[in-house]
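Engineer: Sharing a structure with you now.
The values are calculated or read from the model by the stated rules, or taken from the named source; none is laboratory data. Because the structure is predicted, anything quoted here is derived from the model rather than measured. Every residue, glycine as well, gets a Cβ built from its backbone with ideal geometry; the counts of neighbours run over all protein chains shown.
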Amino acid sequence: MLKKEPSPQESPAVTLDSGFQKLRQRIAELESSISRRKEREDKALRDSAERFQAFADHTYDWEYWTAPDGGYVYMSPSCQRITGYRAEEFVQDPDLLERIIHPEDRDDFRQRSAAMAGKKSVLSMDFRILDRSGGVRWIGHICRPVYASDGRYLGKRVSNRDISNRKAAERALRASARAFRTIFNSGHDAVIIYDPDGAVTRVNNRLLKMFGVSRKEAMARFTRSAFLENGRASEEMAGRWAKALGNEKQIFEWQSRRLDSGFFFQVEIVLSKITLNGRQRVLCAIRDITDRKEAESERLKREKLEGVLEMAGAACHELNQPMQSLLGYTELIRLQMSPQDPLYEKTLKIREQVERIAAMTAKLMGITKYETRHYARGRRIIDIDKASQNCG
């Protein structure tokens, strides 16, 4: 290949100087390009840092990042909303956090924090703090270790959330549950709570006592099919169950039996639909009405007795005068007759029967209780001898 010979006008020095000028120009262009790119990168980094700072500073929860030496790399301003202390106060005093933890929770916090040292596990716990005004707040604390892409430990990232309202709601819910259990187990009636299919979900203490069973036995033996439909028409109970689920309360009586002794007793059952913890349930309330039935029976006996006494009093009053007249006239006739008279013995018989009627009226006047006996054709009549205190 032929080389171009320099023209006579171009000396070697001129050519070299021109090359240097181009090189300097290129270097200047590269420096300018690098500078502009660095400015863009710096601006992007500043923008990214500003966005991160704005994002972090406006988080609702209390967020912070601790370095491996325990100092704070970052503390979100929301710490002041929760604790009353500014971010600068935590940064300047790294021990402030532990000091505001409630004394009863402080040791647990220290032990659990120490236990996660050197581990990649996440610590999640709840504890109380005392804010600047001395008020108690509950904190939901989540702490996780932070590692660089090359595995270097960079510290811990922590998120603290104020869960005081949630804790208050939990306390209220527990108190409500305790109150429900107290009321549920202190009632006079036995109670079974069923799901819509008839399985037992809960029974109270009164049911265990009323039927002589353990709670485990009750859960198995008081299902709808085993208890409500046992010994009754299935169609009838199916209808009552469907009506109860349709918000039509069912009230009926039937005979029940203790499972430990086999003793039969009268109960009143109420079936009604309820909503418990957001779920549809059927409440079965069972009341022992043995005493009520006995009281009703006694009341009916008293009412019947009052009727008997009124009738007996009226009958005795109406019979006494004719009997006295009959007895008097019979005695006058007998006194005028000779004992040898054939009718003399008849007058004695009349007197005997009148005295018998008088004794009967005395018994009627002495009735104090309602007692009956069998009579013809399946009827029952007053048993005067048993009902009267003047018998015997």
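Engineer: Given R221, R166, R174, R181, which one is surrounded by 11 or more Cβ atoms within 10 Å (Cβ to Cβ) and within 17 Å of the chain's Cα centre (by Cα)?
Structural biologist: Details: R221 fails: within 17 Å of the chain's Cα centre (by Cα); R166 fails: within 17 Å of the chain's Cα centre (by Cα); R174 fails: surrounded by 11 or more Cβ atoms within 10 Å (Cβ to Cβ).
Going through R221, R166, R174, R181 in turn, the sole match is R181.
Engineer: Working carefully through the options V308, V354, find the one that is farther than 30 Å from F211 by Cα, of a type outside the set (F, W, Y), touching a residue at least 60 places away in the same chain (Cβ under 8 Å) and not assigned by TED's automatic domain parsing to the domain that holds E248. Let's see the steps before the verdict.
Structural biologist: Values: V354 fails: touching a residue at least 60 places away in the same chain (Cβ under 8 Å).
Matching residue, one of V308, V354: V308.
Engineer: What number goes with the only condition from (1) over 21 Å from A87 (Cα atoms); (2) surrounded by 13 or more Cβ atoms within 10 Å (Cβ to Cβ) that L130 does not pass?
Structural biologist: For L130, the exception is condition (1).
Engineer: Also: Please go through segment 72-125 and pick out each residue that is of a type in the set (V, I, T) and loosely packed, with under 15 Cβ neighbours inside 10 Å.
Structural biologist: The initial filter retains those residues of segment 72-125 that are of a type in the set (V, I, T), namely 73, 82-83, 91, 100-101, 122.
Of everything in segment 72-125, just one residue is of a type in the set (V, I, T) and loosely packed, with under 15 Cβ neighbours inside 10 Å, namely V122.
Engineer: Given the conditions (1) surrounded by 11 or more Cβ atoms within 10 Å (Cβ to Cβ); (2) without any contact (Cβ under 8 Å) to a residue 40 or more places away in the chain, and given that S297 satisfies all but one, which numbered condition is not satisfied?
Structural biologist: Failing condition for S297: (1).
Engineer: Report yes if I192 is touching a residue at least 24 places away in the same chain (Cβ under 8 Å), out of contact with any Asp or Glu (no Cβ under 7 Å at 6 or more places or on another chain) and either more than 25 Å from A244 (Cβ to Cβ) or surrounded by 13 or more Cβ atoms within 10 Å (Cβ to Cβ) (or both), otherwise no. Lay out the reasoning, then the answer.
Structural biologist: On the way: touching a residue at least 24 places away in the same chain (Cβ under 8 Å): yes; out of contact with any Asp or Glu (no Cβ under 7 Å at 6 or more places or on another chain): yes; either more than 25 Å from A244 (Cβ to Cβ) or surrounded by 13 or more Cβ atoms within 10 Å (Cβ to Cβ) (or both): yes.
Yes, satisfied.
Engineer: If you check S121 against the conditions, is it of a type outside the set (A, V, I, L, M), over 43 Å from the mean Cα position of the chain (by Cα), on the phi < 0 side of the Ramachandran plot and at pLDDT below 90? Steps first, answer last, please.
Structural biologist: On the way: of a type outside the set (A, V, I, L, M): yes; over 43 Å from the mean Cα position of the chain (by Cα): no; on the phi < 0 side of the Ramachandran plot: yes; at pLDDT below 90: yes.
No; evaluated as a whole, the condition is false for this residue.
Engineer: Which of the following residues is part of a helix (DSSP H, G or I), outside the structural domain of K156 (by TED's automatic domain parsing), modelled with pLDDT of 75 or more and on the phi < 0 side of the Ramachandran plot: I27, I82? Working first, answer last.
Structural biologist: On the way: I82 fails: outside the structural domain of K156 (by TED's automatic domain parsing).
One residue alone meets the criteria, I27.
Engineer: Residues in segment 117-137: is at least one without any contact (Cβ under 8 Å) to a residue 60 or more places away in the chain, of a type outside the set (D, E, K, R), over 17 Å from D162 (Cα atoms) and touching a strand residue (DSSP E or B) at 6+ places or on another chain (Cβ under 7 Å)?
Structural biologist: As a first pass, look at segment 117-137 and keep what is without any contact (Cβ under 8 Å) to a residue 60 or more places away in the chain: 117-137.
Cutting the leftovers down to of a type outside the set (D, E, K, R) gives us 117-118, 121-125, 127, 129-130, 133-136.
Checking which are over 17 Å from D162 (Cα atoms) leaves us with 117-118, 121-122.
Next cut, touching a strand residue (DSSP E or B) at 6+ places or on another chain (Cβ under 7 Å) only: 122.
Within segment 117-137, one or more residues are without any contact (Cβ under 8 Å) to a residue 60 or more places away in the chain, of a type outside the set (D, E, K, R), over 17 Å from D162 (Cα atoms) and touching a strand residue (DSSP E or B) at 6+ places or on another chain (Cβ under 7 Å).
Engineer: Within segment 292-346, track down each residue that is β-branched (V, I, T) and under 30 Å from H188 (Cβ atoms). Don't jump to the end; show me each part of the working.
Structural biologist: Of the residues in segment 292-346, the ones β-branched (V, I, T) are 308, 330, 333.
If the condition is that a residue be β-branched (V, I, T) and under 30 Å from H188 (Cβ atoms), then no residue fits.
Engineer: Hey, another quick one. If you take the residues of segment 273-289 that are among the aliphatic types (A, V, I, L, M) and assigned to a strand (DSSP E or B), which of them is modelled with the lowest pLDDT? It would help to see each step written out before you state the result.
Structural biologist: We begin by selecting, within segment 273-289, every residue among the aliphatic types (A, V, I, L, M); these are 274, 276, 282-283, 285-286, 289.
Subsequent filtering for residues that are assigned to a strand (DSSP E or B) retains 274, 276, 282-283, 285-286.
Details: I274: 94, L276: 87, V282: 95, L283: 95, A285: 94, I286: 93.
Only one residue tops the list, namely L276.
Engineer: Based on what the data block shows, is G278 on the phi > 0 side of the Ramachandran plot, out of contact with any Leu (no Cβ under 8 Å at 6 or more places or on another chain), surrounded by fewer than 11 Cβ atoms within 10 Å (Cβ to Cβ) and in the same structural domain as R257 (by TED's automatic domain parsing)? Even if it seems obvious, please write down each step before you answer.
Structural biologist: Numbers: on the phi > 0 side of the Ramachandran plot: yes; out of contact with any Leu (no Cβ under 8 Å at 6 or more places or on another chain): yes; surrounded by fewer than 11 Cβ atoms within 10 Å (Cβ to Cβ): yes; in the same structural domain as R257 (by TED's automatic domain parsing): yes.
Taking the combined requirement at face value, the residue satisfies it.
Engineer: Something else now. Check off (1) within 30 Å of D383 (Cβ to Cβ); (2) among the polar types (S, T, N, Q); (3) in the same structural domain as T223 (by TED's automatic domain parsing) for Q324 and give me the number that stays unchecked.
Structural biologist: (3)
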